[in-house]
Amino acid sequence: MTIAITRGVSPSIAQCVLSHIERSPIDLDLAVQQHSAYVRALQELGCKVIELENEPELPDSVFVEDTAIVLDEIAVITRPGAPSRRAETSSIAEALRPYRSLLSITEPATLDGGDVLRIGRKIYVGLSARTSQAAVSQLRDLVTPHGYRVIGVPIQHCLHLKSAVTEVAAGVVLIQPQWVDAAAFAEYEIILVDPDELHAANALRVDQELIYPEGFARTEARLHRFGIKPTLVAVSELQKAEGAVTCCSLILA
Ligand code: CIR
């Protein structure tokens, strides 16, 4: 059974790190409701959800994706690029330990899981303000023995690689071409986001299904044309913290 690890919204989320968007008031009650609906969507798609203890002192701790990379064989605990987020990793390591052998990214390298997109045996890593070239090299050394190829991908004007590109069905990627060069993904079928929907490239694959944010109707219509019918979730409050749908879970397939 697919396992999803999540953690509830911290009551201090208003103090979250922001890089590319203006700070605007977050409705905490609504954020909690939206997160609960996200957890329900994971359950309805067949996941066993492990909900970790809340971390009230860690504003960004709902965004568990950034703290680990989970592969079939191992998990790699990251060293998040934002210093305020580094304390998030210890509880994640404890949660993953029963399921995977653990490796880690070590100082001085930094890496956010949001920069890591695995497609088959390829692992694309965004070269972002959060993820260093040294981390790409470390990750390569850790995963090459398990048969993965690591490919660094420059990104611009966005937080993470998965803000710019995600896999939406086997061999099909959804891309925001303003933020990543689509040519890096030429071997896949490519769906571009609608030009008016800047933040529409982040979708979460769960087995053969897709979780997708409400509010990107034109890009959603493009997904439909490929026969992809996503489960929609409302994430307006998490978007104000620069999060979206991939960032709120770690999926152990
Ligand atoms: C941060 O800047 O680290 C958080 N406010 C948002 C992290 C979102 N993570 C993700 O998309 N993987």
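The values are calculated or read from the model by the stated rules, or taken from the named source; none is laboratory data. Please read all numbers here as calculations on a predicted model, not as lab measurements. Methodologically, a virtual Cβ is constructed for each residue, glycine included, from the backbone with ideal geometry; neighbour enumeration extends over all protein chains shown.
Anything in segment 189-209 that is in contact with a helix residue (DSSP H, G or I) (Cβ under 8 Å, 6 or more places away or on another chain) and closer than 15 Å to L232 by Cβ? List them, or say none.
At the first step, the residues of segment 189-209 found to be in contact with a helix residue (DSSP H, G or I) (Cβ under 8 Å, 6 or more places away or on another chain) are 190-194, 196-197, 199-204, 206.
Across segment 189-209, the qualifying residues are E197, H199, A200, N202, A203, L204, V206.
Tell me the residue from E220, E187, E167, E242 that is surrounded by fewer than 23 Cβ atoms within 10 Å (Cβ to Cβ), under 16 Å from V125 (Cβ atoms) and out of contact with any Gly (no Cβ under 7 Å at 6 or more places or on another chain), please.
On the way: E220 fails: under 16 Å from V125 (Cβ atoms); E187 fails: under 16 Å from V125 (Cβ atoms); E242 fails: under 16 Å from V125 (Cβ atoms).
Answer to the check: E167.
Can you find a residue that is touching a residue at least 40 places away in the same chain (Cβ under 8 Å) and within 15 Å of the ligand (Cβ to nearest atom) anywhere in segment 38-50? Before you say what the answer is, go through the steps one by one.
Our first condition is that a residue be touching a residue at least 40 places away in the same chain (Cβ under 8 Å); within segment 38-50, this holds for 38, 41-42, 44-50.
Still in the list and also within 15 Å of the ligand (Cβ to nearest atom): 38.
Yes - at least one qualifying residue is present in segment 38-50.
Restricting to segment 121-138, and then to whatever is aliphatic (A, V, I, L, M) and within 16 Å of the ligand (Cβ to nearest atom), can you tell me which residue is nearest to the chain's Cα centre (by Cα)?
Here is the first cut: in segment 121-138, the ones aliphatic (A, V, I, L, M) are 123, 125, 127, 129, 134-136.
Filter once more, keeping what is within 16 Å of the ligand (Cβ to nearest atom): 123, 125, 127, 129, 135.
Numbers: I123: 13, V125: 12, L127: 15, A129: 16, A135: 17 Å.
Filtering segment 121-138 for residues that are aliphatic (A, V, I, L, M) and within 16 Å of the ligand (Cβ to nearest atom), the one nearest to the chain's Cα centre (by Cα) comes out as V125.
Cβ-Cβ below 6 Å, separation at least six or inter-chain, first residue in segment 159-170 and part of a helix (DSSP H, G or I), second buried (at least 24 other Cβ atoms within 10 Å of the Cβ) and among the small types (G, A, S): which pairs?
Close Cβ pairs (under 6 Å, with a partner that is buried (at least 24 other Cβ atoms within 10 Å of the Cβ) and among the small types (G, A, S)) amount to L161/G126; K162/G114; A164/A201.
Scan segment 53-75 and report the pairs whose first residue is within 14 Å of L250 (Cβ to Cβ) and whose second residue is among the acidic types (D, E) and at pLDDT 95 or above, with Cβ atoms within less than 7 Å and a gap of 6+ or a chain change.
Correct list of pairs: S61/E55; S61/E88; D66/D112; T67/E88.
For segment 139-155, give me each residue that is more than 16 Å from the ligand (Cβ to nearest atom) and either outside any helix (DSSP H, G or I) or under 18 Å from D194 (Cβ atoms) (or both).
Once the filter is applied, which keeps residues that are more than 16 Å from the ligand (Cβ to nearest atom) and either outside any helix (DSSP H, G or I) or under 18 Å from D194 (Cβ atoms) (or both), segment 139-155 yields G147, Y148, R149, V150, I151, G152, P154.
Give the residues of segment 123-149 that are among the aliphatic types (A, V, I, L, M) and under 30 Å from G227 (Cα atoms), sorted by residue number.
Within segment 123-149, I123, V125 meet the criteria.
So, in segment 216-237, exactly how many residues are in a loop (DSSP other than H, G, I, E, B) and within 16 Å of the ligand (Cβ to nearest atom)? Lay out the reasoning, then the answer.
Of all residues in segment 216-237, those in a loop (DSSP other than H, G, I, E, B) come to 216, 226-230, 234-235.
Okay, now just the ones that are also within 16 Å of the ligand (Cβ to nearest atom), so 216, 235.
Selection size over segment 216-237: 2.
Here are some residues: L174, L198. Which one is over 13 Å from the mean Cα position of the chain (by Cα), in a strand (DSSP E or B) and more than 26 Å from A95 (Cβ to Cβ)?
Working: L198 fails: in a strand (DSSP E or B).
The match here is L174.
Looking at segment 6-20, which of its residues are in contact with a helix residue (DSSP H, G or I) (Cβ under 8 Å, 6 or more places away or on another chain) and either within 13 Å of the ligand (Cβ to nearest atom) or among the β-branched types (V, I, T) (or both)? It would help to see each step written out before you state the result.
Our first condition is that a residue be in contact with a helix residue (DSSP H, G or I) (Cβ under 8 Å, 6 or more places away or on another chain); within segment 6-20, this holds for 6-9, 11, 13-14, 17.
Selection gives T6, R7, V9, I13, A14, V17.
Quick one: what pairs do we get from segment 238-249, first residue in a loop (DSSP other than H, G, I, E, B), second within 9 Å of the ligand (Cβ to nearest atom) and aromatic (F, W, Y), C-beta under 7 Å, 6+ apart or different chains?
G243/F63
So which of A82, A68 is at pLDDT 95 or above, touching a strand residue (DSSP E or B) at 6+ places or on another chain (Cβ under 7 Å) and of a type in the set (G, A, S)?
From the options A82, A68, the qualifying one is A68.
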